[in-house]
Amino acid sequence: MNQLSSADTEAPPADQQAEAPRDERREALISLFSAEIGDAVVGTHIRAGDDLWIRITREAWLETARFAQQRLRMDFFDFLSGIDWRPSPYGRDMDSQEDIVVHGTEPKEPPAMATGYAGGDTRFQVFARVFSTASHEGVTLKADLPDDDLSIDSWVPVYAGANWHERECHEMYGFTFNGHPYPVNLYLPGDFEGFPLRKDFPLLARRVKPWPGIVDVEPMPGSDDDEGAEGGDS
Amino acid sequence: MAAPTVPESKQLQYISQQAADSRVNVEFETEDGMTLNIGPQHPATHGTLRIITRLDGEQVISCEPVPGYMHRGYEKLTEVRTYPQVTTLINRIDWLGSFANEVPFILAAEKLMEIEAPPRARYIRTILFELSRMANIVLFLGDLGAQLGGVTAVFYAFRDREFVLNQIEAVTGGRFHPNFDRIGGLKDDLPKGWIAETKKCMTRVHDFCDELEDLLIGNEIFQARTRGIGVIPANVGLSYGLSGANIRGSGVDWDIRRDHCPPGLVYDKADWKVCTHPDGDSFSRSWVRLQEVRESAKIVDQLLDSVPSGPVMAKVPRIIKVPEGEAYVATENPLGQMGYYVISKGDLVPFRVKIRSASFNNVSIVPWVTRGVFVPDVITILASLYFILGDIDR
Amino acid sequence: MGLVEKGKIPKRLNDLLALSRKYSIWCYQWGLACCAIEMGAAFVSPRYDIMRLGVIPFPASPRQADLVIISGTVTDKMAPAVRRLYEQMPDPKYVISMGSCANCGGPYWDSYSVTKGVDQLIPVDVYVPGCPPRPEALLEGIVLLQERIQSEDPVERFRGEPIVVG
Ligand code: SF4
């Protein structure tokens with residue numbers, strides 16, 4: 001049903017302001033959402049014939065999931081993750097000196113924070129996607145998280161598959177999922193510090209090592225034999 | 001069963017701490033059962049998954065996979081790689097069907113850039129996609145045999161997989177990690193004589209399927225070990241996000257290739273069918289996979305006949321900057337649905353790439369499906385769910 | 001092996017010992033990532049057939065192995081296990097590091113969770129470059145290791161000191 005090929009919907013994606021092609025099915029879906037959860041729908045975005053984004057409030061997060069699964073038959077849980085909208089404060093600062101020489105330095109101050117489709121007011125967002133295997137329609141749901149309280153309801157009671165995704169999100173961004181049955185690290189060792197996917201988490205290895213391949217630092221084999229193995233005598 | 005004296009979460013936490021610090025194989029008993037640690041090296045070299053099971057005699061009380069031994073930080077690394085560099089990286093997520101990993105990312109970037117690959121490129125893409133599916137699932141079938149005690153299948157799988165890999169190598173230059181897909185088309189055209197060679201290879205794949213159907217799927221012992229083991233009802237599977245053959249093995253008739261194939265692949269040009277099996281057990285998942293190899297050999301066979309002529313690369317700027325926007329593209333990969341959610345800020349590098357990998361969801365059902373089964377069945381269930389560690393851990 | 005430890009082994013006997021050690025390497029496969037599949041192809045596929053080089057795959061445990069092939073990405077979470085595996089093996093023991101990841105971190109050279117090179121954890125005898133190395137490359141690595149076994153001084157090896165062949 002979700003045929004992307006029908007000729008009139010193949011037009012270039014709409015921007016937020018000038019919406020050229022319309023997409024009745026997705027608009028109907030939005031009105032279903034707003035009929036159910038009312039003001040909790042804060043922003044929407046449609047790419048005609050393709051995809052749908054809905055931003056809801058944090059409080060309505062679990063309720064919306066329940067509505068989508070049970071009433072809209074969006075039975076397939078696709079993924080759940082987070083976004084950090086703050087541009088990385090480092091730019092090239094975290095690269096090694098050699099790389100900075102090659103690339104030239106870039107402006108220091110990062111650009112202003114801008115959020116994506118369906119808008120956003122805060123630095124952190126949680127987003128998730130659910131999909132209907134019957135009508136082949138999906139929706140990407142987003143919710144803002146205020147900086148001082150990075151917590152949101154867990155989806156595990158509705159979509160059991162959210163369990164691992166929330167654990168991953170928890171360790172990568174430091175969000176708390178209220179009501180999650182087993183909120184421990186999934187990937188990282190227990191003593192890992194920091195939240196890797198936040199934009200202000202530096203990749204320190206870039207600092208100490210130049211980008212391999214940009215500067216030819218390796219001597220050709222045979223030309224210089226100083227790179228011995230572990231301290232033996234030959 | 002009696003209530004545990006130590007809360008389960010505490011116990012699991014304790015074990016993982018212990019093992020990470022010093023010991024790897026942990027085995028200890030409490031009043032309500034024995035805790036047995038399997039891994040982190042998986043006997044069938046899918047990679048390194050660790051599974052902590054709590055047993056009551058032979059019966060599993062709980063079973064908790066501990067991933068992360070292969071976590072390589074893809075999502076962070078994509079933020080410091082340019083778009084063409086990202087494809088090199090994401091090749092290595094599902095390392096058995098590497099080409100298939102590139103495609104959804106490239107399609108997402110193409111969608112944001114509003115570029116369409118020329119028809120010839122789309123055909124070749126689809127063919128390579130299916131070839132990597134074969135390379136992947138053929139090894140799965142061999143591996144399945146090995147894990148259930150029939151080692152012969154592995155030798156057959158490795159032998160026949162070489163023929164598929166040869167074909168991939170002939171086009172892309174890489175057996176494993178081709179890095180061949182480009183935004184706007186493909187790196188290169190097909191070599192001379194490749195189409196005829198590939199046709200020969202497809203007959204071999206069909207032979208392999210027949211052989212394995214007799215050897216493994218039809219085997220009485222195999223059936224006894226897989227039928228009725230690890231039953232996943234469709235609605236539970238969907239709420240866990242199971243996809244691909246795992247969910248078709250539970251009777252859900254849904255295949256991205258047929259139902260909402262992203263533009264850029266040409267599955268609609270071939271005549272093939274989606275196989276489903278109503279049982280939802282380990283057998284049906286394996287059976288569906290075997291049939292899928294057949295079907296994809298069929299797809300390749302037909303597409304080879306109709307590859308149009310023309311360029312393989314659309315006009316793209318030399319330095320690729322992807323315009324601002326968000327796009328999610330998912331394809332039906334060998335392991336299930338794989339999708340990339342790409343957020344671009346109009347830069348050389350993606351702002352954020354969320355990688356939705358199939359195995360991650362597929363394995364997260366393990367605790368649910370292994371409750372109350374016996375220890376040997378854990379192996380059967382894991383083998384039939386089919387995961388690749390790079391795809392779980394990313 | 002008292003003779004060996006005291007360093008009083010006759011040259012001829014030494015050669016004989018080296019020859020027999022060289023062609024009966026029990027090899028433990030520590031497959032970690034993509035490279036493991038190429039290692040698997042080298043070991044079980046009839047096309048490459050590593051056994052013709054005198055390498056015996058599939059020992060029951062690292063305690064019975066002479067050689068371990070670390071193939072794939074070693075992560076920081078995995079590192080203790082790799083270290084422990086090495087300690088379990090009896091001397092004399094050899095290590096082949098297969099693939100860029102095990103050599104130096106490979107494509108993940110700037111990742112936050114990958115160990116940049118297994119040689120930070122255990123001494124490595126042969127590095128096989130490539131991402132992934134072809135099975136033939138692994139076979140060549142094995143041949144190089146055999147040359148090393150042939151030409152090394154067993155006294156030093158039994159003392160557990162790393163040797164560099166000139
Ligand atoms: S070296 Fe390449 S092929 Fe080998 S494990 Fe690393 S990424 Fe995979």
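Normalise the Cα radius of gyration of the range B:137-222 by 2.2 N^0.38 Å (N = residues in it) and let me know the number. Don't skip to the answer; put the middle values down first.
On the way: Rg = 15.6 Å, N = 86, 2.2 N^0.38 = 12.0 Å.
Normalised by 2.2 N^0.38 Å, the Cα Rg of the range B:137-222 equals 1.30.
What shape does the range B:143-184 take by its C-alpha gyration tensor, where a ≥ b ≥ c are the square roots of the eigenvalues and a/c under 1.5 counts as rounded, a/b above b/c as prolate, and the rest as oblate? Walk me through the intermediate numbers first.
Values: a/c = 5.17, a/b = 2.58, b/c = 2.01.
In terms of gyration-tensor shape, prolate.
Using 1/(1 + (r/R0)^6) with R0 = 60 angstrom and r between the beta carbons of B:ASP271 and A:ASP148, what's the FRET efficiency to the nearest 0.05? Kindly include the intermediate steps, with their values, before the conclusion.
Values: r = 58 Å, r/R0 = 0.97.
Here the calculated transfer efficiency is 0.55.
Which angle from 0 to 90°, rounded to the nearest 10, does the C-alpha axis of helix B:152-172 make with the longest principal axis of chain B?
That works out to roughly 30 degrees.
Provide the per-residue ³J(HN,Hα) series for the range A:188-205, in order, calculated from phi with Karplus coefficients 6.51, -1.76, 1.60 and θ = phi - 60°, each as a whole number of Hz, with x at glycine and proline positions.
7, x, x, 9, 6, 10, x, 10, x, 8, 5, 5, 8, 8, x, 8, 5, 4
Counting partner chain Cβ atoms within 10 Å of every residue's Cβ in B:174-181, what's the average?
Values: counts 3, 6, 10, 4, 0, 0, 0, 0.
Counting other chains' Cβ atoms within 10 Å and averaging over B:174-181 gives 3.
Quick one: which of A:LYS199/B:LYS354; B:LYS199/B:LYS298; B:LYS354/C:LYS116; A:LYS199/C:LYS116 span more than 20 angstrom between C-alpha atoms?
Values: A:LYS199/B:LYS354 14 Å; B:LYS199/B:LYS298 10 Å; B:LYS354/C:LYS116 24 Å; A:LYS199/C:LYS116 23 Å.
In this structure, B:LYS354/C:LYS116; A:LYS199/C:LYS116 exceed 20 Å between Cα atoms.
Taking only Cα atoms and a 10 Å spring cutoff, compute GNM fluctuations for chain B and point out the largest among B:GLU197, B:GLU116, B:GLU295.
Highest fluctuation of the listed residues: B:GLU197.
What is the calculated FRET efficiency for B:SER309 to A:ALA28, with r their C-beta to C-beta distance and R₀ = 56 Å, to the nearest 0.05? Intermediate values should be presented prior to the final figure.
Values: r = 43 Å, r/R0 = 0.77.
The computed FRET efficiency comes out at 0.85.
For the range B:132-142, take each phi angle, set θ = phi - 60°, evaluate the Karplus expression 6.51 cos²θ - 1.76 cosθ + 1.60, and give the result in whole Hz per residue in order, putting x for glycine and proline.
Karplus-based 3J(HN,Hα) across the range B:132-142 equals 6, 4, 5, 4, 6, 6, 4, 5, 4, 5, x Hz.
Can you give the average number of partner chain beta-carbon atoms within 10 Å of each beta-carbon in peptide B:350-361, as a whole number? It would help to have the intermediate numbers written out before the result.
Numbers: counts 0, 8, 9, 0, 8, 2, 6, 1, 0, 0, 6, 8.
For this peptide, the per-residue mean of nearby foreign Cβ atoms is 4.
Any number yet on Rg/Rh for the range C:100-141, C-alpha, Kirkwood?
Details: Rg = 10.8 Å, Rh = 10.8 Å.
Rg/Rh for the range C:100-141 comes to 1.00.
Can you compute the helix-only [θ] at 222 nm over chain B? Use -39500 (n - 2.57) per DSSP H run of at least 4 residues, normalise by all residues, nearest 500 deg cm²/dmol.
-14000 deg cm²/dmol
On the first, second and third principal axes, largest extent first, how far apart are the outermost C-alpha atoms of chain B in Å?
Largest to smallest, the principal-axis extents are 70, 49, 35 Å.
Remind me, relative contact order of chain B in percent, using alpha carbon pairs under 8 angstrom and six or more residues apart? Don't jump to the answer; show the numbers that get you there.
Working: 760 pairs, mean separation 92.2, N = 394.
23 percent.
With an 8 Å cut-off on Cα pairs and a minimum separation of 6 or more residues, tell me the relative contact order of the range B:84-319 in percent.
Numbers: 355 pairs, mean separation 66.1, N = 236.
Reported as a whole number, the value is 28 percent.
Give the relative contact order (percent, whole number) for chain C; include only Cα pairs under 8 Å separated by 6+ residues.
After rounding, I find 24 percent.
Based on the Kirkwood radius over alpha-carbon pairs, what is the Stokes-Einstein translational diffusion coefficient of the range B:300-394 at 37 °C with 0.692 mPa s viscosity, in µm²/s?
Details: Rh = 17.0 Å.
The Stokes-Einstein estimate is 193 µm²/s.
Could you check how many percent of all C-alpha pairs in the range B:84-319 are farther apart than 26 Å?
When every Cα pair of the range B:84-319 is considered, 39 percent fall beyond 26 Å.
Can you give the FRET efficiency to the nearest 0.05 for C:ASN14 and B:GLU169, using r as the Cβ-Cβ distance and R₀ = 45 Å?
On the way: r = 43 Å, r/R0 = 0.96.
Between C:ASN14 and B:GLU169 the formula returns 0.55.
State log₁₀ I(q)/I(0) for chain C at q = 0.08, 0.09, 0.18 Å⁻¹ as given by the Debye formula over alpha-carbon point scatterers of equal weight, solvent excluded.
Each listed q corresponds, in turn, to -0.23, -0.29, -1.11.
Largest first and to the nearest Å, give the Cα extent of the range B:225-369 along each principal axis.
55, 39, 21
For B:VAL151 and B:HIS206, calculate 0.36 nm times their separation in residues minus their Cα-Cα distance, and state this gained length in nm to one decimal.
Working: separation 55, 0.36 × 55 = 19.80 nm, distance 2.07 nm.
That pair, B:VAL151 and B:HIS206, stretches by 17.7 nm at full extension.
Report the semi-axes of the equivalent ellipsoid for the range C:9-61 in whole Å, largest first, where each axis is √(5λ) for an eigenvalue λ of the Cα gyration tensor. Provide the component values of the computation, followed by the final result.
Numbers: eigenvalues 158, 30, 14 Å².
Semi-axes, largest first: 28, 12, 8 Å.
Starting with the fewest neighbours, write out C:CYS131, B:CYS201 ranked by other beta-carbon atoms found within 10 Å of each beta-carbon.
Numbers: C:CYS131 18, B:CYS201 21.
With the fewest neighbours first, C:CYS131, B:CYS201 line up as C:CYS131, B:CYS201.
Could you work out the helix-only [θ] at 222 nm for chain C, with each DSSP H run of four or more residues adding -39,500 (n - 2.57) and the total divided by the number of residues, to the nearest 500 deg cm²/dmol? The partial results should precede the final answer.
Numbers: 7 runs with 66 residues, N = 166.
Dividing the helical sum by the residues of chain C leaves -11500 deg cm²/dmol.
Readers should treat all values here as calculations from the given coordinates under stated rules, not as data from a laboratory. Bear in mind that the values here come from a model prediction, so they are computed numbers and not experimental data. Cβ coordinates were reconstructed from backbone atoms using ideal geometry, including for glycine residues, and neighbour counts include every protein chain displayed.
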